[in-house]
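Have a look at the structure below, then the notes.
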Amino acid sequence: MSTKSAKVQEPISPEMERYMVEFNGDCMGGLIEHGSILQAVPGAEIRPMDLVSVLLSSFDGPWAKFVNSLSGDGYAGIVKVFLGTYEAGGKEMFLFGQLNPPTLVPIPIDSIAALDKLDFLGECTGHDRDALAMLFPFAGIGLSASKEAA
């Protein structure tokens, strides 16, 4: 894994097609409107602070209840801000964030089926900008460090 980017799966081919993701909820505040259709770009390099589509392969573990509590609908995928990777308790973890409420979301890499960058440009304003500023200190965290599990 690169120290500057993260990939869960390699693209099947260099020309792997983009796919659409329907955003549901308000975890990204006013940045993304509920029901928006976003384009995911498989194989694109993912860097801290990129908006990503996370396809979950498993709903087991302590983080799974958190994901279900956000939607209550049992969605298999989520849209988050990629912050970095680290190791905890011998497991490689991805760290994600969201804007509403400002939250950090750690998910074990082995529970992620796909992680793809979203082709999205938007501007945060008001409370969303404040929430994004709260995530900045965590961008790139753990890319070269190991964290102890509590």
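As a ratio to 2.2 N^0.38 Å, the alpha-carbon radius of gyration for segment 78-132 is 1.27.
Segment Met134..Asp119, full-extension length gain: 3.1 nm, with 0.36 nm per residue of separation and the alpha-carbon distance subtracted. Cβ-Cβ distance of Ser57 and Asn100, R₀ of 25 Å, FRET efficiency by 1/(1 + (r/R0)^6): the value works out to about 0.45.
Coordinate-derived values only; no laboratory data. Since we're looking at a predicted model, the values are computed, not measured. Here Cβ is always computed from backbone atoms with ideal geometry, including for glycine, and neighbour counts include all displayed protein chains.
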